[in-house]
1. Residues of the stretch 81-126 being in contact (Cβ under 8 Å) with a residue 60 or more places away in the chain, within 20 Å of Asp140 (Cβ to Cβ) and among the polar types (S, T, N, Q), which ones?
2. Out of (1) outside any loop (DSSP other than H, G, I, E, B); (2) among the hydroxyl-bearing types (Ser, Thr, Tyr); (3) touching a residue at least 12 places away in the same chain (Cβ under 8 Å), what's the single condition that is false for Tyr55?
3. Taking interchain pairs and intrachain pairs at least six residues apart, which have beta carbon atoms under 7 angstrom, with the first residue in the stretch 39-51 and touching a residue at least 60 places away in the same chain (Cβ under 8 Å) and the second among the acidic types (Asp, Glu) and buried (at least 24 other Cβ atoms within 10 Å of the Cβ)?
4. Given the options Leu177, Leu154, name the one that is closer than 19 Å to Ser75 by Cα and touching a Phe, Trp or Tyr at 6+ places or on another chain (Cβ under 9 Å).
5. Any residue in the stretch 130-144 that's more than 19 Å from Val97 (Cβ to Cβ): show its pairings with residues that are among the hydrophobic types (A, V, I, L, M, F, W, C) and surrounded by 14 or more Cβ atoms within 10 Å (Cβ to Cβ) at Cβ separation under 8 Å, as long as the two are six or more apart or on different chains.
6. List every residue pair whose Cβ atoms lie under 6 Å apart, where the two residues are 6 or more positions apart in sequence or sit on different chains, the first residue falls within the stretch 167-184 and is over 12 Å from Ile101 (Cβ atoms), and the second residue, located anywhere, is surrounded by 13 or more Cβ atoms within 10 Å (Cβ to Cβ).
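Read-outs: derived from the displayed coordinates by stated rules, not from any lab. The structure displayed is predicted, hence computed values, not measured ones. No Cβ is skipped: glycine too gets one built from the backbone with ideal geometry, and neighbour counts run over all protein chains shown.
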Amino acid sequence: MASGSPRRRELLCAAGFIFETVVPGTKEVEAPGEGTRDMVARLARDKALAVSSGYLNAWVIGADTTVDVDGKPFSKPRDRSDAFRMLNILNGRSHLVHTGISIARGGEERTSFVETTKVIFGSLSREDIASFVESGLCDDKAGAYAIQGRGSLLVERIEGCYYNVMGLPVYRLKKVLGDLIPDLF
């Protein structure tokens, strides 16, 4: 797995995958004029290829997740003030979570996809948002929240894959891997 995400690691372990994680040295930046779906697809590909070039006989999964608000990415907040700003914008409305997945082997991308889930936030008071931000649970999270744990209190409902919002659409990944490597499961 070409990712340093503890949530992705946790999800793969819980699903019974046996794997190694290698943190790719790629930069996660938005290219000018690039849409959020294209961005996560590119970043996932960059991660998978960066690791695959050093592990030519391994199947490598690259992943990247971002929150999409009206076509603009809400990546990880710069600081707590930025987290408050993001959560205030998400408050009481819907947004999309896109996860790009790229599977590479031998230094070449073999397949890729983007999974999208719609997330609807409940109406939160400024105090609720400030309390969540002060908890530190917004740190290092796309959109300044994680859906699991205390972050579940922010989310009224979702339409799509819950695990995608955590950063890895496990069911679809299993299906794609099964099609690509028939005797894997």
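1. Thr99
2. Single failed check for Tyr55: (1).
3. Pairs that qualify, where the first residue is touching a residue at least 60 places away in the same chain (Cβ under 8 Å) and the partner is among the acidic types (Asp, Glu) and buried (at least 24 other Cβ atoms within 10 Å of the Cβ), are Val40/Asp64; Ala44/Asp64.
4. Leu154
5. Ala130/Phe84; Val133/Ala83; Val133/Phe84; Val133/Leu87; Val133/Ala144
6. Between residues of the stretch 167-184 that are over 12 Å from Ile101 (Cβ atoms) and residues that are surrounded by 13 or more Cβ atoms within 10 Å (Cβ to Cβ), the close pairs are Leu184/Leu177.
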